[in-house]
């Protein structure tokens, strides 16, 4: 029974980590797609859309929160973004849960420390947190896509980011459907 509980927690933590990574990859792919479809972009705008921050003496990367908030301003024709995520006082759902729960848990999983979010929980709580990360991450991806491409509809290549369709596809792949 102990091994089963440990495996459930391990896979739940992996789920959280994977869904957080999905959001990062999705946001980065939207930025790169825009770069490739817009050859007239200025070099500094390309850097922005690749999440690169150039300083006087160093090069770094922008946070995922910055990218989620700012990419719509670069992609939309009106230059605005309906997402506020970098200001914690204005952060709305699902971005609030993404930063305060999913990212915090992902950071603890990747870089565990005593002052971070606890990762040692009962198996049922681990699974619940994984399910929350999945739903939150899909909602963030949907909201981000809509912020970049209002009225265009969710991306077809990801089954329109439909939770039910994505779960059905996963079950088919596993031979459970």
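The values are calculated or read from the model by the stated rules, or taken from the named source; none is laboratory data. Quantities reported herein were computed from a predicted structural model and do not represent experimental measurements. Please note: Cβ atoms are built from the backbone with ideal geometry, for glycine as well, and neighbour counts cover all protein chains shown.
A search for C-beta distances below 8 Å between a residue of region 131-156 that is under 17 Å from residue 84 (Cβ atoms) and any residue that is surrounded by fewer than 16 Cβ atoms within 10 Å (Cβ to Cβ) and at pLDDT 95 or above, counting only pairs 6+ apart in sequence or on different chains, returns 139/93; 147/76; 147/82; 148/76; 150/76. Within region 14-41, which residues are loosely packed, with under 14 Cβ neighbours inside 10 Å, within 21 Å of residue 77 (Cβ to Cβ) and at pLDDT 95 or above? Matches in region 14-41: 29, 36, 37, 38, 40.
Under the condition of being at negative phi and in contact with a helix residue (DSSP H, G or I) (Cβ under 7 Å, 6 or more places away or on another chain), the residues counted in region 155-177 number 6. Check whether at least one residue in region 147-154 is within 16 Å of residue 20 (Cα to Cα), modelled with pLDDT under 95 and in contact with a helix residue (DSSP H, G or I) (Cβ under 6 Å, 6 or more places away or on another chain), and report yes or no. The answer is no; no qualifying residue exists.
For region 82-130, residues that are under 19 Å from residue 19 (Cα atoms), buried (at least 19 other Cβ atoms within 10 Å of the Cβ) and touching a residue at least 60 places away in the same chain (Cβ under 8 Å) total 8. Among the conditions (1) modelled with pLDDT under 90; (2) under 24 Å from residue 137 (Cα atoms); (3) in contact with a helix residue (DSSP H, G or I) (Cβ under 8 Å, 6 or more places away or on another chain), residue 5 misses just one, which is (2).
From the list 172, 160, pick out the single residue that is loosely packed, with under 14 Cβ neighbours inside 10 Å and under 18 Å from the mean Cα position of the chain (by Cα). Break it down into steps so the answer makes sense when it comes.
Details: 172 fails: under 18 Å from the mean Cα position of the chain (by Cα).
None of the other options fit; the residue is 160.
A residue that is touching a residue at least 40 places away in the same chain (Cβ under 8 Å), outside any helix (DSSP H, G or I) and either closer than 28 Å to residue 128 by Cβ or touching a helix residue (DSSP H, G or I) at 6+ places or on another chain (Cβ under 6 Å) (or both) can be found somewhere in region 60-81.
Condition (residue is assigned to a loop (DSSP other than H, G, I, E, B), under 14 Å from the mean Cα position of the chain (by Cα), within 23 Å of residue 145 (Cα to Cα) and modelled with pLDDT of 95 or more) applied to region 88-110: is it met by at least one residue? I'd like the intermediate steps shown before the answer.
First, pick out the residues of region 88-110 that are assigned to a loop (DSSP other than H, G, I, E, B): 88-94.
In the following step, the residues that additionally are under 14 Å from the mean Cα position of the chain (by Cα) were identified as 93-94.
Narrowing the set further to residues that are within 23 Å of residue 145 (Cα to Cα) leaves 93-94.
Those still in the list that are modelled with pLDDT of 95 or more too: 93-94.
Yes, because at least one residue in region 88-110 is assigned to a loop (DSSP other than H, G, I, E, B), under 14 Å from the mean Cα position of the chain (by Cα), within 23 Å of residue 145 (Cα to Cα) and modelled with pLDDT of 95 or more.
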